[in-house]
Number of protein chains: 4
Amino acid sequence: VRIDLNADVGESFGPWPMGQDGLLIPLMTSVNVACGFHAGDPLTMERTVEHALAAGVGVGAHPGYPDREGFGRRALAMSPAELEAAVLYQVAALDGVCAALGATLGHVKPHGALYDRVRDDREAAEALCRAVRRLAEAVGRPLTIVGPPGSALLAAAEVLSLPAAAEGFADRAYEPDGRLRSRRLPGAVLDDPTTAAAQAVSLADSGRFATLCVHGDTPGATDVARAVREALSAAGHEVARLDRAGVG
Amino acid sequence: VRIDLNADVGESFGPWPMGQDGLLIPLMTSVNVACGFHAGDPLTMERTVEHALAAGVGVGAHPGYPDREGFGRRALAMSPAELEAAVLYQVAALDGVCAALGATLGHVKPHGALYDRVRDDREAAEALCRAVRRLAEAVGRPLTIVGPPGSALLAAAEVLSLPAAAEGFADRAYEPDGRLRSRRLPGAVLDDPTTAAAQAVSLADSGRFATLCVHGDTPGATDVARAVREALSAAGHEVARLDRAGVG
Amino acid sequence: VRIDLNADVGESFGPWPMGQDGLLIPLMTSVNVACGFHAGDPLTMERTVEHALAAGVGVGAHPGYPDREGFGRRALAMSPAELEAAVLYQVAALDGVCAALGATLGHVKPHGALYDRVRDDREAAEALCRAVRRLAEAVGRPLTIVGPPGSALLAAAEVLSLPAAAEGFADRAYEPDGRLRSRRLPGAVLDDPTTAAAQAVSLADSGRFATLCVHGDTPGATDVARAVREALSAAGHEVARLDRAGVG
Amino acid sequence: VRIDLNADVGESFGPWPMGQDGLLIPLMTSVNVACGFHAGDPLTMERTVEHALAAGVGVGAHPGYPDREGFGRRALAMSPAELEAAVLYQVAALDGVCAALGATLGHVKPHGALYDRVRDDREAAEALCRAVRRLAEAVGRPLTIVGPPGSALLAAAEVLSLPAAAEGFADRAYEPDGRLRSRRLPGAVLDDPTTAAAQAVSLADSGRFATLCVHGDTPGATDVARAVREALSAAGHEVARLDRAGVG
């Protein structure tokens, strides 16, 4: 069975570096690039897409709330209209950067508190998908929506005939109800490579996920990523780019 | 002789309106839309492009320095690399917004202190044109550079084979050396419709300009715009969209 | 009976004016000055405090969420610790501006979505009051908390021994449960001077309020303010500055 | 002879850490705290002042241009009036944070491109000093201006009767004309502890400096700081807080 491995990248801002994109990107099959609202800036976006191109991985947009200080992790009560416009703007900016560099934007995954919101908030999910759908039609190319299985987001994608990919988290603990454990609780992040690898295999085996996320902002992120990738292969899963996997 | 009439629009930000776009846009043949760095925001950009579409005028990007508080009118020592990335980002974002709305982005005119810089700063002018050229190639459509005649900007456009349009200002006083009078000096803005109209005809008669700018941020802006347009027609100039005038 | 009349002022930002502070301030007895997070900027703050000084009205801080694009009217999930630090920063900045101009900061009234939040959210209300209390102790001067009667905010002020002033709205419609009608509903703003004046008198008569707010962002704001002030006087209320009224 | 050792600290922003303040601050005698415009945020400011208090070092303000993306290192053509207001705002905010924590703000040192500007730009230097003077008078406490020897800044401080401290850089190469070597040139930063220590002793021996700066944003910053401090003591200089050294 095919599975994609994705990571959030391009999260530096101006003078402040974040993550280890140079090391992490080659271990992934897809990356989600911050678009300048919660993280990233125009120069960082270009460099990140160049890295992704060089590594041959799929490139997606990672739009977020306009809140750098809170890194897009604080809920912000944007109206659906504001949200739709903000997502269109961010994804369009990155799409242009990709096009200028010879890369092809393939997917969109909301970030942080926006990701959390579109799990359940149907209006917001539809606003987000409308923005992506309008841009996809304008550029004449499909854009896959990445989000939690069973979410309002993936439901909205289906309604709008957008390809959709259910995402699991290799290195985040799940609660029994299928939600991610809050980052404020202990044990929320699985930073042990073996534990994360085992969870990744279990998630892939379940057949419920088209892509698995590995976080890049922990000290041992590359070790986790490598362990996850090896374990998936060893378990017979083909780790392959989302946009070449016939998802959706 | 054909001449285009342009205005800077979409300069509201969040709760703060600016200008009278609804009245001004139909009097123009082209508009330059702020892209969210010095003014404008995603929702304002959408609404402004909708206005322009409805009025049938040409749409261009009006990128500026990332300085809302100074409205992009304060020189900011961005490096050429930062500038190139920032222009690509802004123009790409607006291009996507246009595409999603069924409009076609046709030109790029830098704003404020950036406009002033690329008059003489060759490195900056080339960085700006490289950004536009890369995007134009990526989208397979020409993007015309709008700037002052004799500027480093128009020279860079020529070097990079981008169409270029020399711009005059109907309602700004010129110094004898051909530069605009500084906004800090008295008489810098010609807010009398008759005076501006006379200057517009004189500029158009000179044959040195492909487009004339009328400002929208003065109380009598629409009166000035109407007077300019009528005077140009009366003097035998065909007022027509830049992107349909075979410029470049 | 004494009652204070307050308005939110200093809400311009950079090139974007808002309100008619020059006309409105002299009609008030206290003003709440935006502190640069949701509106205002350093130069606007100085000019606004100068206006207030010249008019002899009381000056208070009007801190808000760091969200200019949304004008601080969109809920932002800042943690109590973030909130406490953000309020301390904003109030301290304005306090220094006041001190440098010879004015004395006298009160603090949260803005927009933050005002709404501290109505019920006890943790946030206590964080806000802790910030104000710490600054008040540091400068050796009381700072009065302004907020809705019966709110978590005024309760927290009492716990922390801060003077508190219950606020009513002359020109906003109330729901039967005592809450303000949402701005999204019709009739939320009472822009008829006679209606607002009548409501102001009724609120003052009730004895439940130490200060009444009049909004400055409507076209007829000064007419409303004048009518409110005259009606209060005619009804026998003494319109006088909060900080000279022995409130708290 | 007494000499102060200072470092720029509090330069994290939101989710992005910078420097190693926890290790560096105890090695200094004074620190310059970013005020939220080019770096820092309200929570970071509080934590940084707490560190400084715990370490018993002097606390100063490090105001900069409102340009986070460029880290205040890009010249921004703010007018003197804008500059004066922006410096007053930043220093007042930090002064309030200090006061609330029981610390006493003692000095002001401009950051980055603003530091460079007030070396020669008399109008800007006077604007900055006016802001500091107004706040110092308001709080009834002297605030020392820190800047390059022979600069317009220190001249303006003298004119305005503000205490002033000439600053040298232990770990930055000097050009023969006494200017710092540009960061764009090789060898601009002396990251070898022995070299920096030797330069520090030489600068202190010259008697021209009241304080020496050590940078915190290099990997070996604490090694450099330790070496500098030990070398100064070994050479017979008393390393002591600026605000206790009778400077000015």
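The values are calculated or read from the model by the stated rules, or taken from the named source; none is laboratory data. Predicted, not measured: the structure shown is a model, and the values here were computed from it. Note: ideal-geometry Cβ built from the backbone for every residue, glycine included; neighbour counts use all protein chains shown.
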Checklist entry - For region C:167-189, does any single residue satisfy the condition of being surrounded by 23 or more Cβ atoms within 10 Å (Cβ to Cβ), within 14 Å of chain D (Cβ to nearest Cβ) and of a type outside the set (F, W, Y)? => result no
Checklist entry - Do we have any residue at all in region A:7-22 that's within 11 Å of another protein chain (Cβ to nearest Cβ), assigned to a helix (DSSP H, G or I) and aliphatic (A, V, I, L, M)? => result no
Checklist entry - Which one of these is within 22 Å of C:V91 (Cα to Cα) and without any contact (Cβ under 8 Å) to a residue 40 or more places away in the chain: C:L160, C:L153? => result C:L160
Checklist outcome for this item: Selection from region C:211-245 of residues surrounded by fewer than 16 Cβ atoms within 10 Å (Cβ to Cβ), of a type in the set (G, A, S) and touching a residue at least 40 places away in the same chain (Cβ under 8 Å) yields C:G236
Next on the checklist: Conditions first: (1) at pLDDT 95 or above; (2) touching a Leu at 6+ places or on another chain (Cβ under 8 Å). A:D223 passes all but one, so which condition is the exception?
Outcome noted: (2)
Item to check | Hey, A:R141 within 14 Å of chain B (Cβ to nearest Cβ) and more than 22 Å from A:V214 (Cα to Cα) or not | outcome: yes
Item to check | Tally of residues being charged (D, E, K, R) and more than 7 Å from chain C (Cβ to nearest Cβ) across region D:84-96 | outcome: 1
Checklist outcome for this item: In region D:48-60, anything free of Cβ contacts under 8 Å to residues at least 60 places away in the same chain and buried (at least 22 other Cβ atoms within 10 Å of the Cβ) is listed as D:T48, D:V49, D:A52, D:V59
Checklist entry - What number goes with the only condition from (1) touching a His at 6+ places or on another chain (Cβ under 7 Å); (2) assigned to a loop (DSSP other than H, G, I, E, B) that B:R183 does not pass? => result (1)
Item to check | For A:F71: the one exception among (1) surrounded by 22 or more Cβ atoms within 10 Å (Cβ to Cβ); (2) away from chain B (no Cβ under 13 Å); (3) under 26 Å from A:A240 (Cα atoms); (4) not β-branched (V, I, T) | outcome: (3)
Checklist entry - Taking region D:1-47 as the search range and keeping residues that are hydroxyl-bearing (S, T, Y) and more than 22 Å from A:R73 (Cβ to Cβ), which one is surrounded by the fewest Cβ atoms within 10 Å (Cβ to Cβ)? => result D:T29
Checklist entry - Considering region D:115-138 alone, what residues qualify as being touching a residue at least 24 places away in the same chain (Cβ under 8 Å) and within 14 Å of chain C (Cβ to nearest Cβ)? => result D:A127, D:L128, D:C129, D:R130, D:A131, D:V132, D:R133, D:R134, D:L135, D:A136
Checklist entry - Is it true that A:E175 is modelled with pLDDT of 95 or more and acidic (D, E)? => result no
Item to check | Pairs where the first residue, in region C:179-190, is at negative phi and the second is among the basic types (K, R) and at pLDDT 90 or above, C-beta under 6 Å, 6+ apart | outcome: C:L180/C:R172; C:A188/C:R181
Next on the checklist: Being among the polar types (S, T, N, Q) and within 13 Å of chain D (Cβ to nearest Cβ) is the filter here; which residues of region C:32-64 pass it?
Outcome noted: C:T44, C:T48
Checklist entry - Conditions: (1) of a type in the set (A, V, I, L, M); (2) surrounded by 22 or more Cβ atoms within 10 Å (Cβ to Cβ); (3) within 11 Å of chain C (Cβ to nearest Cβ). D:A81 meets all but one. Number of the miss? => result (2)
Item to check | C:A99, sole failed condition from (1) at the interface with chain D (Cβ under 10 Å from one of its Cβ atoms); (2) within 25 Å of C:A125 (Cα to Cα) | outcome: (2)
Next on the checklist: When you scan region D:32-42, do you find a residue that is farther than 19 Å from D:G220 by Cβ, β-branched (V, I, T) and part of a strand (DSSP E or B), even just one?
Outcome noted: yes
Item to check | Answer from A:A127, A:A156, A:A138, A:A198 - the residue that is farther than 20 Å from A:D4 by Cα and either surrounded by fewer than 23 Cβ atoms within 10 Å (Cβ to Cβ) or not hydrophobic (A, V, I, L, M, F, W, C) (or both) | outcome: A:A138
Item to check | Cross-chain or 6+ apart pairs with Cβ under 9 Å, region B:88-110 first and within 11 Å of B:H62 (Cβ to Cβ) and of a type outside the set (F, W, Y), then buried (at least 24 other Cβ atoms within 10 Å of the Cβ) and at pLDDT below 95 | outcome: B:H107/B:L242; B:H107/B:D243
Item to check | Complete set of residues in region C:102-114 that are facing another protein chain (nearest Cβ under 10 Å) and under 15 Å from C:L135 (Cα atoms) | outcome: none
